[in-house]
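The values are calculated or read from the model by the stated rules, or taken from the named source; none is laboratory data. All figures in this text were calculated on a predicted structure; none of them were measured in a lab. Cβ coordinates were reconstructed from backbone atoms using ideal geometry, including for glycine residues, and neighbour counts include every protein chain displayed. Just the protein is used for accessible areas: all its heavy atoms, side chains included, with ligands, DNA and RNA removed. Shrake-Rupley method; radii C 1.70, N 1.55, O 1.52, S 1.80 Å.
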Amino acid sequence: MGINLLPIEMDEIRKRLGREPNETEWRVIDAVWSEHCSYKSSKIFLKSFSIDSPNVIMGIKDWQDAGAVDIGDGWAVVIKVESHNHPSAIDPFNGAATGVGGIIRDIISKGAKPIALMDMIRVGNLKIKKNVWLLKNIIAGIAAYGNSIGVPVVGGELSFDDTYNDNPLVDVAAIGIVRKDKIKPSIVDKAGLKLVLAGLTGVDGLGGASFASRKLSGEDEIGAVQIADPFAGKIILDVTLEIADKVEAIKDLGGGGLAVAVTEITNGLGATVDIEKIPLRVKNMNPSDVIISETQERMLYAVEEKNVKEVCEAFEEYEYPCSVIGEITNEPVIKFRYIGKDLVSLPTNVLLNPPRFLWPIKNTKKNVEEKIVDLPLESAIYTVLTHPDLVSKGWAYSQFDYEVNTSTVVKPGDADSAVVSLPNGKLLAIKADANPDMCAEDGYECGKGIVAEAYRNLATVGARGMVAVDHLQFGDPKKAEVYYTFVEAIRGIGEATRFFNIPIVGGKVSFYNENNQGRPIKPTPLIVMAGLVQDKLLKNRVEDNLYVVSVGYTRKELGGSLLSKIFKIPSQAPKVRLQEDLLSSEVVIDSINEGKITFAKDVSRGGLAASLFSILVHGYGVEISTKSILSDTDNVIENLFSESSGRFIVLTNEPEWIVEKSKSKGIVASIIGRVNKKTNILTIDNIDYNLKNIVDNYFNFLEEVMGNG
Amino acid sequence: MIAIIKFPGTTCETDVYKALIEAGVPTVIVKYKDFDPDRYNGVILPGGFSFGDYLRAGSIAASTETMKKVKQMAEDGKIVIGICNGFQILVESGLLKGALLPNLKLRFISKWVYLKVIRADTILTKGLDKKIIRMPIAHAEGRYYVDDIDYAKTHMVLQYCDENGNISEDVNPNGSLLNIASIANEEGNVIGMMPHPERASFKLTSIDGTVDGLILLRRLGEWA
C-alpha cells in the first residue's frame with residue numbers, strides 16, 4: 001500500500017508529532033490529508049465563494065456532508081454534488097453506482113429524504129469501443145443504484161470530448177427535503193456520545209481517497225474501487241430516516257472510510273474506536289485495513305447512550321449489522337485500538353489541519369488571431385447539429401426510474417431544467433451546467449458562463465435560481481497552467497454567484513484527471529443550481545404559427561463554441577455579460593407568469609441553430625430571417641452558431657408583448673421567425689434546409705451506437 | 001381497508017398510498033413482517049426491488065411467510081394486486097401463471113405507454129372494455145411469457161398498443177408475449193400489471209394531464 005503524501009507533508013507530520021508515526025498512522029494521515037478529503041490545494045480559493053444569504057441554513061462549513069436552504073413553510077432543501085471519476089475509469093458500473101450511493105448517504109446524513117438525483121456524464125469519443133463500454137456501464141450503474149433505492153434521476157448532462165478518453169467524468173447531484181428544525185449536523189459538540197456504526201466493513205475500496213487524489217497509474221487499481229450493494233443502500237436510507245430523531249449527528253462513510261469519518265465527526269474533540277467491535281464482511285481482516293476501508297453502505301451515528309438500543313433495533317429488523325464501536329472523548333486525540341492496544345493515536349488538530357498548498361500559476365494562452373468565418377451553411381448545420389452533444393439522451397434517461405416518487409413534474413428531455421414537486425406544494429427546478437470547451441479557452445469567463453447558463457435554464461420553466469453547489473474538475477494542480485485555469489474558474493464562479501445573489505452551500509474538487517499520456521482533461525467546473533418556480537410553471541409546447549422571438553444580443557464570439565471546436569476556428573471566448581443574463585431571464589419568467597409564451601429555450605450549446613432545432617424535433621418546421629437577429633455581425637454563421645450568453649428564444653402568439661416587455665426591462669428582443677407545419681424544414685432567409693436526416697439522427701444516434709455496442 | 005405491503009427494497013409504497021388516498025380508497029402501508037391478512041379486504045404489492053431483486057426479480061419476497069398469507073387471501077376471494085415488482089412476486093409465488101423475463105433490449109425501460117383493456121371482468125377494469133388508457137412502465141424484467149398461449153389469450157387484462165389501440169410489435173416495449181402488460185386469474189381478483197397506475201393518478205405529474213391510473217384504482221373503493 002503506497003502512501004501518497006509529499007515528503008514535505010511527511011516532514012510536517014514528524015515535526016508536529018515530535019515522533020515518527022507508525023505504519024497504520026501513516027495510512028490514516030494519508031487518507032485524512034488526501035486531496036480528496038482535505039481540499040488542501042483548493043481550500044484557500046473556495047473561501048472566496050459567496051456563502052451568505054438569509055435563506056442559508058447550512059453552508060460550506062467544514063465537515064458538513066451537505067448544504068441546506070430554507071424554502072419556506074418550515075421546509076429546507078438539501079443539495080450536494082460529487083463525482084466518482086477515478087473509480088469509474090477502472091470499473092464503470094461499480095464506480096458510477098457507488099457514486100449514487102455516496103451522495104444519497106450525504107443527503108440522509110442531514111436527516112433529509114432524497115427526492116431527486118441528477119447525473120452529469122462526460123466520456124471520450126464514441127468511435128472508440130472502450131468509451132462505448134464505459135458509457136454503457138456508467139449508465140447501467142447509475143440506473144441499478146438509483147432505481148433500486150427509489151430516488152428518481154430527473155435530469156443531467158451527457159457530453160463528449162476526446163480529453164475524457166481515459167478519464168470519464170461521472171458527476172452525481174442529489175436533492176433532499178427535510179423539516180427545517182429536524183436537520184442533523186455531521187459533527188458533534190460534546191463528549192460522551194457513543195459512536196454507532198451500521199453496515200459491514202470489507203476489503204474493497206482500500207485507500208480509495210488517496211487513489212482519487214493521484215493520477216491513474218494504469219496498473220492494477222481495482223482493489224481501490226468500492227463495490228455497490230444497492231439493497232443495503234436502500235436499508236441504510238430507510239432506517240437512517242426512521243432513526244434520525246434519535247441521534248445527535250450523522251456521518252456518511254465515504255472517502256477515507258472510518259479514518260476520515262471518525263476524525264471529522266469529532267469537530268475538534270477526540271474519539272476512541274475499538275476495531276474488534278466493527279462488524280466485518282470477511283474474517284481475519286487486517287485491523288489497519290479496517291480503518292481505511294471504503295466499503296459502501298455504512299453510516300456512523302453519534303448517539304446518546306440511552307438511545308443506542310433503539311437505534312440498533314431499527315437495523316436489526318432488517319437484519320442489518322449495527323454496533324457501538326467507540327465514543328467521543330474530551331481529550332482531542334483520535335484513537336483506534338485493537339484489543340486494548342493503541343494502533344493509532346493522533347491529535348485531532350493535526351489531522352484536521354493539513355498544510356494548505358498554493359501552487360504556481362501560469363497563463364499559457366496566446367491571443368487569438370481572428371479570421372473571417374467562411375463555411376458553407378449547410379455543412380455547418382449538419383456537422384454541428386449531428387454532434388453527439390446535441391442528440392436526444394433518451395437512451396440514457398429511459399434507463400432511469402424517473403417517475404418514482406410521483407413528483408417529477410418536468411421530466412428528463414422535456415425542458416432545459418427538471419422540475420420536482422415538494423411537500424409544501426412548491427415546485428423546485430434543478431439544473432447542472434458545465435462548459436469544458438469554453439473553460440479551455442478562458443477559465444474566468446467560463447466560470448461566469450456556467451453560473452449564468454444554469455440561471456437561464458431555471459428561468460425557462462419559470463424558476464429563479466436560489467442556491468448552488470459547485471464541482472471543480474481539473475488535471476494536476478501542480479501544473480501551473482492547470483492551476484491557473486482553476487483559480488480563474490473559481491474567480492468567475494464567485495463573481496457570478498455574487499451577482500445573482502446565489503449562495504454556494506457546498507462543493508467538491510477533483511484533481512488529477514488526466515489521460516494516460518499525462519494530458520489533462522479540459523477544465524470542467526460544474527454548477528448545480530436549484531430554484532423555486534416563482535408563480536406559473538412552463539411546460540414546453542410547440543404549435544403551428546407561433547412566432548419565434550429572440551431575447552438578448554447575439555455576439556460574434558465563437559471561442560469555445562461547438563462550431564469552433566468542430567471546425568477549429570480560432571476565436572475569442574465570449575464575454576459573459578451577467579446583466580444581460582439576469583434581465584433576459586426576468587423577461588422569460590415574467591412572460592411565463594403572464595401566460596404569454598408556450599416554449600422557452602436558452603441559447604447555449606450549438607447556438608441559435610441548436611435552439612431552433614429543438615423546435616424541429618417536436619415535428620414542426622421553422623422559418624427565420626437572420627437579418628432580424630439583433631447582433632454585432634452580419635455573418636450568418638456567426639449569428640446562428642455563436643454561443644454568447646444572455647439569450648433565449650421563446651415561442652409566442654404575442655411577439656410584440658415580449659419585445660415591449662424586454663425594452664421595459666432594459667434589454668433587446670426581436671421577432672426572428674415563425675413555426676410552421678413543414679416537418680423537418682428549417683427555412684433560413686427563404687432557403688429551405690431539409691433536416692430529416694438530422695432529426696432522425698437526433699432520435700436514433702445513441703440507440704444505435706450504444707444498442708449495438 | 002387495503003394493505004400496501006412494504007418488503008425491504010420496496011420503493012413505490014408511498015406513491016401507491018398517495019394514489020389510493022386520491023382515489024378515496026382507505027389504505028395503510030404495512031411492513032411485511034407485521035402483515036395480518038384478516039384485517040384487510042385486499043392487498044397491493046407495490047413496485048420496487050424487494051430484497052434487492054437479488055437472485056431473480058421478486059423471487060425472495062415470493063418465498064416469505066407474508067406471501068403464504070397473501071395466497072390465502074386470494075383463495076378467499078379477496079383482492080390481490082401486484083404492480084411491477086409486485087407482479088413479479090405474484091408470478092414467482094405461483095399466484096399467477098407465467099414468468100417475467102428480462103426485457104428484450106436487456107435494459108431497464110422507463111416510458112409512458114398506451115394500453116388496451118382486454119378484460120373488463122376484473123376488479124380494476126370493470127366497465128372499461130376496449131378502452132385505451134395511458135400509464136408509465138419502469139422495469140428491467142417485464143417480458144411476460146407463458147408456455148400456454150390459450151391461457152395467455154384468455155387471461156390477459158391489458159395489452160401494449162398505440163394511441164389508436166392497434167396492437168403490434170412496434171409498440172411492444174419489452175418483447176412480451178402478445179404485448180401483454182397485465183394478466184389476472186380467472187376470477188379477476190388476482191391481478192398483476194407491469195404499468196404503474198399510481199404514477200398516472202396525479203394531473204401535475206402526468207405526461208399529458210390524464211389520470212387513467214386513478215380510474216382503475218377508484219374501483220377498489222367499493223371493496224375496501
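Checking the structure you have, find out if any residue of region A:321-336 is touching a residue at least 12 places away in the same chain (Cβ under 8 Å) and within 14 Å of another protein chain (Cβ to nearest Cβ). No, that holds for no residue. Looking across region B:179-224 at every residue that is under 22 Å from residue B:3 (Cβ atoms) and of a type in the set (D, E, K, R), the one that is nearest to the chain's Cα centre (by Cα) is identified as B:198.
Among the strands (runs of 3 or more DSSP E) lying completely within region A:605-709, list those that include at least 1 residues that are at pLDDT 95 or above and of a type in the set (Ser, Thr, Tyr). Step through it out loud before you land on a result.
On the way: elements: A:621-624, A:648-652, A:669-676, A:681-684, A:687-690.
Of the strands (runs of 3 or more DSSP E) lying wholly inside region A:605-709, those with at least 1 residues that are at pLDDT 95 or above and of a type in the set (Ser, Thr, Tyr) span A:648-652, A:669-676, A:681-684, A:687-690.
The residues listed here are B:35, B:87; of these, the one that is within 15 Å of the chain's Cα centre (by Cα), surrounded by 15 or more Cβ atoms within 10 Å (Cβ to Cβ) and aromatic (Phe, Trp, Tyr) is B:87. Number of residues in region A:133-174 that are more than 17 Å from the chain's Cα centre (by Cα) and in a loop (DSSP other than H, G, I, E, B) equals 4.
Can you tell me which of A:583, A:538, A:558 is within 26 Å of residue A:378 (Cα to Cα) and open to solvent by less than 40 Å² (accessible area, probe 1.4 Å)? Steps first, answer last, please.
Values: A:583 fails: within 26 Å of residue A:378 (Cα to Cα); A:538 fails: within 26 Å of residue A:378 (Cα to Cα).
Checking each option against the conditions leaves just A:558.
Kindly indicate the residue of region B:38-62 that is open to solvent by less than 10 Å² (accessible area, probe 1.4 Å) and over 12 Å from residue B:84 (Cα atoms) and also nearest to the other protein chains (Cβ to nearest Cβ) among those meeting that condition. Of everything passing the filter in region B:38-62, B:61 is nearest to the other protein chains (Cβ to nearest Cβ).
Taking each residue of region A:38-53 that is within 18 Å of residue A:492 (Cβ to Cβ) and open to solvent by 20 Å² or more (accessible area, probe 1.4 Å) and looking for partners that are part of a helix (DSSP H, G or I) and of a type outside the set (A, V, I, L, M) with beta-carbon atoms closer than 9 Å, six or more apart or interchain, yields A:45/A:486; A:45/A:491; A:45/A:494; A:48/A:491; A:48/A:494. Within region A:227-250, residues that are within 26 Å of residue B:55 (Cβ to Cβ) and away from chain B (no Cβ under 11 Å) sit with their Cβ atoms under 6 Å from residues that are acidic (Asp, Glu) and open to solvent by 10 Å² or more (accessible area, probe 1.4 Å), at 6+ positions apart or across chains, in these pairs: A:227/A:204.
Taking (1) within 30 Å of residue A:301 (Cβ to Cβ); (2) crowded, with 23+ Cβ neighbours inside 10 Å in turn, residue A:138 satisfies each apart from (1).
Just one of (1) within 30 Å of residue A:144 (Cα to Cα); (2) open to solvent by less than 10 Å² (accessible area, probe 1.4 Å); (3) among the polar types (S, T, N, Q) fails for residue A:83. It is (2).
Do you know which residues across region A:107-129 are free of Cβ contacts under 8 Å to residues at least 12 places away in the same chain and in a helix (DSSP H, G or I)? None - no residue of region A:107-129 is free of Cβ contacts under 8 Å to residues at least 12 places away in the same chain and in a helix (DSSP H, G or I), so the list stays empty.
Would you please name the residue that is nearest to the chain's Cα centre (by Cα), looking only at residues in region A:669-709 that are small (Gly, Ala, Ser) and more than 30 Å from residue B:107 (Cβ to Cβ)? Let's see the steps before the verdict.
Going residue by residue through region A:669-709, those that are small (Gly, Ala, Ser) are A:669-670, A:673, A:707, A:709.
Now narrow it down to the ones that are more than 30 Å from residue B:107 (Cβ to Cβ): A:669-670, A:673.
Numbers: A:669: 32, A:670: 35, A:673: 36 Å.
Only one residue fits best here, namely A:669.
Among B:211, B:171, which is open to solvent by 10 Å² or more (accessible area, probe 1.4 Å), under 17 Å from residue B:158 (Cα atoms) and within 14 Å of chain A (Cβ to nearest Cβ)? Break it down stepwise before answering.
Working: B:171 fails: within 14 Å of chain A (Cβ to nearest Cβ).
Going through B:211, B:171 in turn, the sole match is B:211.
Residues of region B:119-150 that are within 14 Å of chain A (Cβ to nearest Cβ) and open to solvent by 20 Å² or more (accessible area, probe 1.4 Å): B:134, B:140, B:141.
Among the residues of region A:641-672, the one identified as at positive phi and open to solvent by 10 Å² or more (accessible area, probe 1.4 Å) is A:666.
Step by step: first the residues of region B:176-208, then only those that are assigned to a loop (DSSP other than H, G, I, E, B) and closer than 19 Å to residue B:159 by Cβ, then the one that is most open to solvent (accessible area, probe 1.4 Å). Which residue is that?
Narrowing region B:176-208 to residues assigned to a loop (DSSP other than H, G, I, E, B): B:176, B:185-189, B:194-196, B:201-208.
Of the ones still in play, those that are also closer than 19 Å to residue B:159 by Cβ are B:176, B:185-186, B:188, B:194-196.
On the way: B:176: 4, B:185: 25, B:186: 136, B:188: 1, B:194: 1, B:195: 0, B:196: 2 Å².
Checking each candidate, the answer is B:186.
Against the test of being free of Cβ contacts under 8 Å to residues at least 60 places away in the same chain and within 28 Å of residue A:565 (Cβ to Cβ), the options A:687, A:637, A:629, A:694 yield a single qualifying residue, A:687. Residues satisfying the criterion are absent from region A:310-318 (criterion: touching a Leu at 6+ places or on another chain (Cβ under 6 Å) and of a type in the set (Val, Ile, Thr)).
Using the structure shown, decide if residue A:316 is open to solvent by 10 Å² or more (accessible area, probe 1.4 Å), farther than 21 Å from residue A:110 by Cβ and either among the hydrophobic types (A, V, I, L, M, F, W, C) or at pLDDT below 95 (or both). Considered against the rule, which asks whether it is open to solvent by 10 Å² or more (accessible area, probe 1.4 Å), farther than 21 Å from residue A:110 by Cβ and either among the hydrophobic types (A, V, I, L, M, F, W, C) or at pLDDT below 95 (or both), residue A:316 comes out as yes. I'm checking my understanding of the structure. Among residues of region A:130-170 that are among the charged types (D, E, K, R) and touching a residue at least 40 places away in the same chain (Cβ under 8 Å), which one is farthest from residue A:474 (Cα to Cα)? So the residue we want is A:136.
Does residue A:417 satisfy the criteria of being under 15 Å from residue A:118 (Cα atoms), open to solvent by less than 20 Å² (accessible area, probe 1.4 Å) and away from chain B (no Cβ under 12 Å)?
Working: under 15 Å from residue A:118 (Cα atoms): yes; open to solvent by less than 20 Å² (accessible area, probe 1.4 Å): yes; away from chain B (no Cβ under 12 Å): yes.
For residue A:417, the condition - under 15 Å from residue A:118 (Cα atoms), open to solvent by less than 20 Å² (accessible area, probe 1.4 Å) and away from chain B (no Cβ under 12 Å) - is met.
Within region A:381-393, is there a residue that is in a loop (DSSP other than H, G, I, E, B), surrounded by fewer than 20 Cβ atoms within 10 Å (Cβ to Cβ), β-branched (Val, Ile, Thr) and over 34 Å from the mean Cα position of the chain (by Cα)? Scanning region A:381-393, I find no residue that is in a loop (DSSP other than H, G, I, E, B), surrounded by fewer than 20 Cβ atoms within 10 Å (Cβ to Cβ), β-branched (Val, Ile, Thr) and over 34 Å from the mean Cα position of the chain (by Cα), so the answer is no.
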